[in-house]
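Novice: Mind having a look at this structure? Questions to follow.
The values are calculated or read from the model by the stated rules, or taken from the named source; none is laboratory data. In this text the structure is predicted, and so the values were computed from the model without any measurement. Cβ atoms come from the backbone with ideal geometry, glycine included; neighbour counts cover every protein chain shown.
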Amino acid sequence: MSYTNSYAAAVLERCEELAAFSEEAGRLTRRFATPALRQAGEAVRSWMEAAGMTVRRDAIGNVIGRLGDPGRRTLLIGSHLDTVRDAGRYDGMLGVLVAIACLERLRDEERSLPYAVEVLAFADEEGVRFGTGYLASSVVAGCFDAADLERRDGEGVILSDALRAFGGDPDGLLGARRDPTDLIGYYEVHIEQGPVLEGDGAPLGVVTAIAGQTGGQVVFTGEAGHAGTVPMALRRDALGAAAEFVSALEALARDRDGVVATVGTVEVEPGARNVIPGRVVLSLDVRHPLDSVRESVLTRLRERAGAVAGARGVGVEWQLGKGVGAVETSARLTALLAEAVSMSGHPVVRLPSGAGHDAVMLSRIAPIAMLFVRCAGGISHNPAEAVTVEDVAAAIEATTRFLELLG
Ligand code: HGY
Ligand code: MN
Ligand code: MN
């Protein structure tokens with residue numbers, strides 16, 4: 001095994017160790033402010049300390065390790081430790097662990113950087129528990145929405161209470177913004193979560209932009225009734241309307257190049273075999289690299305929902321989040337990253353990201369760069385997520401060179 005591969009093997013072992021910190025037996029689910037997330041954070045803290053970093057937790061529960069004296073110019077490197085339900089082992093965690101591995105390698109080789117590095121292990125990127133995607137990085141970027149503190153999870157727990165129980169400080173969130181004056185930039189390593197690199201036979205990808213996204217809910221309200229007695233023609237079946245809308249959404253997205261639109265959850269009320277569905281809540285997720293296209297798709301979806309509901313005599317309510325616009329990576333940092341990938345002996349594949357990343361929020365306070373690592377079948381948000389030790393070694397090599405080029 002090559003020298004770099006031994007750091008990569010350690011990264012993969014640590015990914016395995018973190019995968020044991022789960023809310024559910026037999027599968028990985030690690031949502032914000034849970035004991036499982038605390039355990040993962042403590043493990044990461046111990047690895048950061050072993051790498052010589054000074055470690056703290058901020059008000060939202062991010063674990064932040066710093067290497068370098070106060071006052072120096074600083075590069076932030078990060079990704080997240082929370083997961084979706086029944087998750088893979090690499091989405092988020094890989095980026096944190098590759099960052100630590102690179103700093104360990106530099107230390108072992110007695111190579112020092114002429115600037116400080118802070119590694120950020122974010123506590124909530126997926127937003128699964130409270131519907132708060134990017135929560136943890138939005139606190140660091142100073143664009144946290146205080147109204148989110150009142151959100152409730154599926155059990156009715158209020159976010160601010162969960163945060164306090166987690167050891168965080170709801171009153172300290174505004175003060176947790178990272179002062180950008182000393183920042184060189186923000187860098188993130190992440191699995192690609194798509195099939196491009198595998199198709200190109202390339203281990204690494206240089207990210208050009210991150211697609212914008214809008215999330216929300218569409219609520220159809222019909223009339224519940226007896227499944228055995230109400231004739232079909234007299235029904236106002238909310239699920240029938242929702243199903244028609246989901247089909248229309250799929251057709252509309254397929255029709256527009258680069259648009260992805262997803263209904264990932266369906267709540268049916270009252271929810272019984274012998275009751276006509278009276279109310280259905282659909283989640284909605286719409287993305288495109290161009291904000292104008294995303295906006296126009298949302299307008300058309302809204303029209304379709306209205307038309308479907310009107311034809312069936314059901315109500316429809318549209319509850320959209322604010323949406324997050326597309327961001328471009330920094331031309332300067334990305335050029336250096338491409339050079340680092342090339343120096344490492346790998347082709348430079350440039351590609352946009354359809355997935356969201358903490359880098360989106362960090363782009364508000366610093367120039368950003370991102371490196372993708374090939375993952376098997378492009379599969380993610382799935383326990384089948386997989387990376388090879390060779391590809392992780394390539395990411396460590398390219399990242400180490402990038403850190404040195406940045407000097
Ligand atoms: O949804 C996303 O794009 C990210 O994986 N949270
Ligand atoms: Mn994810
Ligand atoms: Mn992720």
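Novice: For residues that are surrounded by fewer than 22 Cβ atoms within 10 Å (Cβ to Cβ) and under 25 Å from Gly354 (Cα atoms), tally how many sit in segment 215-235. It would help to see each step written out before you state the result.
Specialist: Going through segment 215-235, the residues surrounded by fewer than 22 Cβ atoms within 10 Å (Cβ to Cβ) turn out to be 215-217, 219, 221, 223-235.
Pick out the ones that are also under 25 Å from Gly354 (Cα atoms) and you get 215-217.
The number of residues fulfilling the criteria is 3.
Novice: Which of the following residues is buried (at least 18 other Cβ atoms within 10 Å of the Cβ) and part of a helix (DSSP H, G or I): Arg287, Arg254, Arg294? Can you show your working first?
Specialist: Details: Arg287 fails: part of a helix (DSSP H, G or I); Arg254 fails: buried (at least 18 other Cβ atoms within 10 Å of the Cβ).
It is Arg294.
Novice: Sticking with this structure for a sec: Please count how many residues of segment 123-138 are part of a loop (DSSP other than H, G, I, E, B), among the aliphatic types (A, V, I, L, M) and in contact with a Gly (Cβ under 7 Å, 6 or more places away or on another chain). Spell out the reasoning first.
Specialist: Taking segment 123-138 first, the residues part of a loop (DSSP other than H, G, I, E, B) are 123-134.
Filter once more, keeping what is among the aliphatic types (A, V, I, L, M): 123, 128.
If we keep only those that are in contact with a Gly (Cβ under 7 Å, 6 or more places away or on another chain) as well, we get 123.
Looking only at that region, the number is 1.
Novice: Continuing with the same structure: Which residue, of Ala238, Ala211, is buried (at least 20 other Cβ atoms within 10 Å of the Cβ) and farther than 15 Å from Pro277 by Cβ?
Specialist: It is Ala211.
Novice: If we only count helices (runs of 4 or more DSSP H) wholly inside segment 310-407, which ones have 1 or more residues that are of a type in the set (Phe, Trp, Tyr), modelled with pLDDT of 95 or more and under 30 Å from Thr74 (Cβ atoms)? Please lay out each step first, then the result.
Specialist: Values: elements: 331-343, 358-362, 389-406.
Counting at least 1 such residues, we get 389-406.
Novice: Oh, and also: Please find, within segment 85-122, the residue that is nearest to Thr181 (Cα to Cα) out of those that are within 25 Å of the chain's Cα centre (by Cα) and assigned to a loop (DSSP other than H, G, I, E, B). Before you say what the answer is, go through the steps one by one.
Specialist: Our first condition is that a residue be within 25 Å of the chain's Cα centre (by Cα); within segment 85-122, this holds for 85-103, 117-122.
Now restrict to residues that are assigned to a loop (DSSP other than H, G, I, E, B): 85-92.
Values: Arg85: 37, Asp86: 39, Ala87: 36, Gly88: 36, Arg89: 34, Tyr90: 32, Asp91: 30, Gly92: 26 Å.
Here the residue is Gly92.
Novice: Right, another one. Let me spell it out: the conditions are (1) over 23 Å from the mean Cα position of the chain (by Cα); (2) within 16 Å of ligand 2 (Cβ to nearest atom), and Ala305 meets all of them except one. Which number is the exception?
Specialist: (2)
Novice: For segment 94-125, which positions are surrounded by fewer than 24 Cβ atoms within 10 Å (Cβ to Cβ) and either of a type in the set (Gly, Ala, Ser) or within 10 Å of ligand 2 (Cβ to nearest atom) (or both)?
Specialist: Ser112, Ala116
Novice: Could you grab the pairs with beta carbons closer than 6 Å, sequence gap of 6+ or different chains, first residue in segment 352-379 and at negative phi, second one in a loop (DSSP other than H, G, I, E, B) and within 11 Å of ligand 1 (Cβ to nearest atom)?
Specialist: Listed pairs, sorted by first residue: Gly354/Ala211; Ala355/Gln193; Asp358/Glu125; Met361/Tyr134.
Novice: Find the strands (runs of 3 or more DSSP E) located wholly in segment 40-83 whose residues include 1 or more that are without any contact (Cβ under 8 Å) to a residue 60 or more places away in the chain and touching a strand residue (DSSP E or B) at 6+ places or on another chain (Cβ under 8 Å), and list them. Full working, then the answer.
Specialist: Numbers: elements: 54-57, 63-67, 74-80.
Hits in segment 40-83: 54-57, 63-67.
Novice: Here's a follow-up. Among all residue pairs at least 6 apart or on different chains, which show Cβ distances below 7 Å where the first residue, located in segment 94-122, is in contact (Cβ under 8 Å) with a residue 24 or more places away in the chain and the second is in a helix (DSSP H, G or I) and within 16 Å of ligand 2 (Cβ to nearest atom)?
Specialist: Leu94/Cys15; Leu97/Cys15; Val119/Val96; Ala121/Val96; Phe122/Ala136; Phe122/Ser137; Phe122/Asp358
Novice: Which residue is nearest to ligand 3 (Cβ to nearest atom), if the candidates are limited to segment 76-92 and must be of a type in the set (A, V, I, L, M, F, W, C) and under 22 Å from Pro367 (Cα atoms)? Explain how you work it out, then say what you get.
Specialist: Taking segment 76-92 and keeping what is of a type in the set (A, V, I, L, M, F, W, C), we get 76-77, 81, 84, 87.
Subset that is under 22 Å from Pro367 (Cα atoms): 76-77.
Details: Leu76: 16, Ile77: 14 Å.
Once the filter is applied, the top-ranked residue is Ile77.
Novice: Look through Asp91, Asp82 and report the one residue that is buried (at least 24 other Cβ atoms within 10 Å of the Cβ), over 22 Å from Arg374 (Cβ atoms), assigned by TED's automatic domain parsing to the domain that holds Ile60 and modelled with pLDDT of 95 or more.
Specialist: Asp82
Novice: Considering only segment 209-220, I want to know if a residue exists there that is over 30 Å from Gly258 (Cα atoms) and under 21 Å from the mean Cα position of the chain (by Cα). I'd like the intermediate steps shown before the answer.
Specialist: The initial filter retains those residues of segment 209-220 that are over 30 Å from Gly258 (Cα atoms), namely none.
No: zero hits.
Novice: Away from ligand 3 (no atom under 15 Å from the Cβ), over 22 Å from Val260 (Cβ atoms) and in contact with a His (Cβ under 7 Å, 6 or more places away or on another chain), is that true of Ala394?
Specialist: Working: away from ligand 3 (no atom under 15 Å from the Cβ): yes; over 22 Å from Val260 (Cβ atoms): yes; in contact with a His (Cβ under 7 Å, 6 or more places away or on another chain): yes.
It is true that Ala394 is away from ligand 3 (no atom under 15 Å from the Cβ), over 22 Å from Val260 (Cβ atoms) and in contact with a His (Cβ under 7 Å, 6 or more places away or on another chain).
Novice: While we're here: Does Val11 meet the test of being part of a helix (DSSP H, G or I), out of contact with any Phe, Trp or Tyr (no Cβ under 9 Å at 6 or more places or on another chain) and over 26 Å from Asp171 (Cβ atoms)?
Specialist: Working: part of a helix (DSSP H, G or I): yes; out of contact with any Phe, Trp or Tyr (no Cβ under 9 Å at 6 or more places or on another chain): yes; over 26 Å from Asp171 (Cβ atoms): yes.
Here the answer is yes, as Val11 does meet what is asked.
Novice: If you don't mind, another one. Are any of the residues in segment 259-268 under 16 Å from Phe220 (Cα atoms) and among the acidic types (Asp, Glu)? Write out each step before concluding.
Specialist: Of the residues in segment 259-268, the ones under 16 Å from Phe220 (Cα atoms) are 263-268.
Still in the running and among the acidic types (Asp, Glu): 267.
Checked segment 259-268: at least one residue is under 16 Å from Phe220 (Cα atoms) and among the acidic types (Asp, Glu).
Novice: Taking segment 171-191, which residues are within 16 Å of ligand 1 (Cβ to nearest atom) and farther than 14 Å from Ser137 by Cα? Break it down into steps so the answer makes sense when it comes.
Specialist: Taking segment 171-191 first, the residues within 16 Å of ligand 1 (Cβ to nearest atom) are 188-191.
Result: Val189, His190, Ile191.
Novice: Only one of Gly156, Gly142 is assigned by TED's automatic domain parsing to the domain that holds Ile64, farther than 20 Å from Gly216 by Cβ and free of Cβ contacts under 8 Å to residues at least 40 places away in the same chain. Can you tell me which?
Specialist: Answer to the selection: Gly156.
Novice: Could you please give the count of residues in segment 339-361 that are among the hydrophobic types (A, V, I, L, M, F, W, C), buried (at least 20 other Cβ atoms within 10 Å of the Cβ) and more than 16 Å from ligand 2 (Cβ to nearest atom)?
Specialist: Going through segment 339-361 one residue at a time, the tally reaches 3.
Novice: In addition: Which of the residues belonging to segment 63-101 are away from ligand 1 (no atom under 16 Å from the Cβ) and either among the aromatic types (Phe, Trp, Tyr) or under 15 Å from Val44 (Cβ atoms) (or both)? Full working, then the answer.
Specialist: Looking only at segment 63-101, we keep the residues that are away from ligand 1 (no atom under 16 Å from the Cβ), and these are 63-77, 97-101.
Once the filter is applied, which keeps residues that are away from ligand 1 (no atom under 16 Å from the Cβ) and either among the aromatic types (Phe, Trp, Tyr) or under 15 Å from Val44 (Cβ atoms) (or both), segment 63-101 yields Val63, Ile64, Gly65, Arg66, Leu67, Ile77, Leu97, Val98, Ala99, Ile100, Ala101.
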